Amino acid sequence: MSLNIASINIERSRHLPRVEAFVNRERPELLCLQELCERDIPFFEDLMGGRMSFAPMVRYPGEGPSDVVGVGMIAREVVPTDVVAEYYSGSAESIREMTFSIMQGQRTADPLSIAEVMLTATVRGMRIAVTHLNVTPLGSSTAYQRESAGKLIQLAQAQARQAGDLLLVGDFNAPRGRATFDLIAEHFIDGVPAHYTSSIDGSLHRAGDIPFMVDGLFHTAGYRLKNASMSSGVSDHCALSCRLIKA
């Protein structure tokens, strides 16, 4: 039992031609997306030939009419089952427009304005979840981020117990080696090979090259990952790919 998976923070609608080229080249069987605009769901449904599962997080201002942004999951040639969206901050009924604050001298999205959700589904008998943890200034591990990570871990552990195993993917905004990342890695196996030191694509990210390994493939012991890799030139974050195998 196996499944080819790709996970990408696509930065809303900014890189759709690049994402389309990647998907057509790599042909993932399951595509997990962060910072997905609700208006772009038909684009991805045409691209993958399936139906998108979507969980809203925030209304993003400043790029024309505000649009709802969240996380999504779409499979090729198979319909995900037992789809559930579990919010660990905010709710689908209280989506707000993103606001900004100054934290440690940096203009940063106010995490309190953004709902956080874990979207989980079963695909070919395997349980996969996608999430987007709140951003922090300069990749710091804040008390609020660690609190959110703790809630996320509890939800992920519950899904893993119910299904037997779980792969948790997404943008965790928590650089490898810092406290928030370590908190997640205490409970789930870090499936991104150690030789990757950053998942930020410096050619496309507004901050340039920064050594932050923030995108993750975390899994339980009953799963293993084959050919886990990163691809640049797709979005401001590198695309993560792997073959998920039931051990």
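The values are calculated or read from the model by the stated rules, or taken from the named source; none is laboratory data. Just so it is clear, the model here is predicted, and its values are computed rather than measured. Please note: Cβ atoms are built from the backbone with ideal geometry, for glycine as well, and neighbour counts cover all protein chains shown. Heads up: the accessible areas ignore ligands, DNA and RNA and are worked out on the full protein's heavy atoms, side chains in. Shrake-Rupley method; radii C 1.70, N 1.55, O 1.52, S 1.80 Å.
Okay, here's what the table says:
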| quantity | calculated |
| --- | --- |
| Spherically averaged projected area of the stretch 156-239 from its Cα convex hull (nm²) | 5.7 |
| Charge context of residue 15, other residues only, Cβ under 13 angstrom, K/R +1, D/E -1 | -2 |
| Two-site FRET efficiency, residue 146 against residue 221, from Cβ-Cβ distance with R₀ of 22 Å, rounded to 0.05 | 0.35 |
| Under 5 Å, built H, 5+ apart or other chain: amide partners of residue 132 | 117 |
| Net length gained if the chain between residue 46 and residue 229 were fully extended (0.36 nm per residue, minus Cα distance) | 63.3 nm |
| Residue 243/residue 138 FRET efficiency (R0 30 Å; Cβ-Cβ; nearest 0.05) | 0.30 |
| Signed unit charges on C-beta, dipole axis of the stretch 1-146, positive-most listed residue 37, 57, 128 | 128 |
| Cα-centre dipole for the stretch 2-246 with unit charges at Cβ (Lys and Arg positive, Asp and Glu negative), debye to 20 | 520 |
| Average projection area in nm² (convex hull over Cα atoms of the stretch 1-43, one quarter of hull surface) | 3.2 |
| Protection proxy ranking, peptides 11-19, 191-199, average beta carbon neighbours within 10 Å, highest first | 11-19, 191-199 |
| The chain: relative contact order as a whole-number percent, Cα under 8 Å and 6+ apart | 20 |
| J(HN,Hα) series, the stretch 188-197, from Karplus relation 6.51 cos²θ - 1.76 cosθ + 1.60, nearest Hz, glycine and proline x | 9, 7, 6, x, 7, x, 5, 6, 7, 10 |
| Under 12 Å, Cβ to Cβ, from residue 223 - net charge with Lys/Arg +1 and Asp/Glu -1 | +4 |
| Accessible area, probe 1.4 Å, largest first, for residues 204, 112 | 112, 204 |
| P(r) weight above 29 Å for the chain, C-alpha pairs, percent | 20 |
| Three semi-axes of the equivalent ellipsoid, the stretch 1-110, Cα gyration tensor, whole Å, largest first | 27, 17, 13 |
| Packing-based order for 90-99, 152-161, 21-30, 173-182, using average beta carbon neighbours within 10 Å, highest first | 173-182, 152-161, 21-30, 90-99 |
